[in-house]
Amino acid sequence: MYHHDLDFERQHIWHPYASMQHPEPVYPVKSASGVHLTFENGDKVIDGMASWWCAIHGYNVPELNAAATAQLAKMSHVMFGGLTHQPAIDLAKLLLSIVPNQLQHIFFSDSGSVSVEVAMKMALQYWQAQGNTHKNKFLALKHAYHGDTLGAMSVCDPALGIHQLFTHVLPQHYFSDVNIEALEGQFKAQHDKLAALIIEPIVQGAGGMRFYSAELLQQMRELCTRYDVLLIVDEIATGFGRTGKLFACEHANIQPDIMCIGKSLTGGYMTLAATLCSAQVCDGIHADGSGVLMHGPTFMANPLACAVALASVRLLLDSAWQCRVQSIEKQLQQGLAPCHEYAQVADVRVLGAMGIIEMKEAVNVTKIQNHLIEQGVWLRPFGKLIYTMPPFMMNEQDVQQLTSAMISASLLT
Ligand SMILES: *Cc1c(COP(=O)(O)O)cnc(C)c1O
């Protein structure tokens with residue numbers, strides 16, 4: 001890669017949540033294989049981010065490469081309006097056999113945020129089709145993150161930066177503290193206006209990497225049932241084994257009415273998401289006899305993405321992923337334990353293949369990232385958090401290197 005390419009990149013290409021005028025440094029990646037990223041300058045780092053929760057099997061995975069290549073030779077894409085194909089049908093069959101069994105219908109879309117939009121539309125259409133026009137608000141949790149499109153943003157914690165900028169255009173919904181008393185109060189006061197409660201189960205991700213109990217998740221399900229409010233569970237980050245269960249709902253043994261999946265669905269190969277719903281929700285949407293679900297992305301059920309997703313989910317289910325995630329959990333607990341003592345550290349949390357050091361102050365991302373790369377590790381801290389979500393097949397030695405680098409990074413600030 002030439003210097004003028006990097007100059008061009010700095011002047012013309014936007015990065016996530018970034019300034020075009022004062023860009024942070026970006027590191028050019030040449031290739032990725034197993035748990036390693038190789039930079040253009042030859043440096044090789046252990047990837048502790050799984051590319052934002054997605055690359056659960058690591059990179060350049062033979063089974064996924066084979067699935068993509070085989071599908072490419074047949075067709076990479078056809079429209080889903082009026083057509084269907086084997087990859088979508090096979091993937092739908094497999095997904096419906098592993099999600100909570102009340103979920104019976106699936107809508108494929110192209111990103112997590114869009115799957116959240118679809119989930120919200122499902123809930124709104126469900127009540128509308130039954131002539132209930134009052135139930136058109138959502139209840140969400142403080143610290144929630146559900147995506148970056150306008151509808152999804154409207155159910156993200158209002159204190160998050162992305163929300164504040166758009167307060168004047170976003171529809172106003174309700175937010176609850178993450179405890180049973182607050183939730184009960186909101187349900188009592190607002191239930192006749194609520195189409196759905198939308199939550200990330202057990203782990204709140206991009207809003208702060210916070211955990212809550214399975215008991216509270218159970219209580220949310222009970223409140224929804226008691227007050228006739230739909231439950232939308234956003235498993236985009238937690239799905240496919242990350243928390244130690246295949247889906248985080250399983251920690252509490254609950255059945256959602258609507259569920260969103262995405263991120264690691266294709267093992268990080270390409271973008272695909274889905275919204276699943278119960279027979280009750282599906283029937284409700286059609287209750288007025290003329291109802292159709294009003295959504296239809298151009299790349300809906302993209303065959304290439306479906307074929308790779310099918311291979312990725314099969315690879316996960318055929319692997320010893322529970323053992324892998326458990327042993328990573330144990331190693332993260334042990335490896336990060338020393339941080340508890342540090343004055344700069346507010347909290348250390350581990351669940352499944354997720355390890356989080358929460359600092360007392362916001363960290364200097366560039367400084368920490370430089371340090372981590374010197375230690376041979378790739379992480380992307382945000383806010384006060386230095387955290388990892390490694391691919392599940394990361395070996396002990398690499399997890400050890402990862403936790404050591406995190407510990408020394410936490411001493412930097
Ligand atoms: C990442 C994420 C989304 C948004 O998914 P995109 O594919 O980035 O649009 C929504 N909800 C949760 C919980 C997420 O982690």
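Considering helices alone, the calculated mean residue ellipticity of the chain at 222 nm is -11500 deg cm²/dmol, with DSSP H runs of length four and up weighted by -39500 (n - 2.57) and normalised per residue.
Within the straight-line cut-off of under 25 Å between alpha carbons, the lysines reachable from Lys367 are Lys30, Lys44, Lys384, sequence neighbours fewer than 8 places apart in one chain being disregarded. Estimated at 0.36 nm per residue, the fully extended path between His286 and His4 surpasses their Cα-Cα distance by 95.9 nm. For Lys135, the lysines whose Cα falls under 27 Å of its own Cα, not counting residues fewer than eight places away in the same chain, are Lys121, Lys188, Lys193. DSSP beta bridges confined to the chain are antiparallel in about 65 percent of cases. Note that region 256-413, at 4 °C in a medium of 1.567 mPa s, gets a Stokes-Einstein diffusion coefficient of 70 µm²/s from its Kirkwood radius over C-alpha pairs.
For region 1-66, what does the alpha-carbon gyration tensor say about shape, rounded, prolate or oblate, given a ≥ b ≥ c as the root eigenvalues, a/c under 1.5 as rounded, and a/b over b/c as prolate? Write down the numbers at each step before the final one.
Working: a/c = 2.42, a/b = 1.77, b/c = 1.36.
The shape class here is prolate.
Between His371 and Ala189, the contour length at 0.36 nm per residue exceeds the alpha carbon distance by 60.5 nm.
Please report the relative contact order for region 74-318, taking Cα pairs under 8 Å with a sequence separation of at least 6, and give it as a percent rounded to a whole number. Walk me through the numbers on the way to the answer.
Details: 487 pairs, mean separation 75.6, N = 245.
In percent, rounded to a whole number, it is 31.
In a simple Cβ point-charge model (Lys, Arg +1; Asp, Glu -1; nothing else charged), region 170-244 has a dipole of about 100 debye relative to its Cα centre. Which residue, Tyr174, Tyr269, Tyr17, tops the fluctuation ranking in a GNM of the chain built on C-alpha contacts under 10 Å? Residue with maximal mean-square fluctuation among Tyr174, Tyr269, Tyr17: Tyr17.
Counting only Cα atoms, the size of the chain along its three principal axes is 61, 54, 46 Å, in decreasing order.
With contacts taken as Cα pairs under 8 Å and at least 6 residues apart, the chain reaches a relative contact order of 21 percent. Highest mobility in the GNM of the chain, judged by mean-square fluctuation with C-alpha springs under 10 Å and restricted to Leu246, Leu317, Leu139, is found for Leu317. The largest-to-smallest principal axis extents of the Cα set in region 74-318 are 54, 42, 36 Å. Considering only Gln326, Gln164, Gln369, the mean-square fluctuation computed in a Gaussian network model of the chain, springs between alpha carbons under 10 angstrom, is largest for Gln164. Placing unit charges on the Cβ atoms of the charged side chains and taking the dipole of the chain about its Cα centre, the candidate lying farthest along the positive direction among Gly376, Cys282, Gly335 is Cys282.
Give the shape of region 301-372 as rounded, prolate or oblate, defined through the alpha-carbon gyration tensor: a ≥ b ≥ c are the square roots of its eigenvalues, a/c under 1.5 means rounded, and otherwise the shape is prolate if a/b is larger than b/c and oblate if not.
Working: a/c = 3.69, a/b = 1.81, b/c = 2.04.
In terms of gyration-tensor shape, oblate.
For the peptides 115-123, 59-67, the ranking by mean Cβ contacts within 10 Å, running from highest to lowest, is 115-123, 59-67.
Values quoted throughout were computed directly from the atomic coordinates according to the rules given, and no laboratory measurement underlies them. No experiment lies behind these values; they were computed from the predicted model shown. All Cβ positions, even for glycine, are placed from backbone atoms using ideal geometry, and neighbour counts span all protein chains on display.
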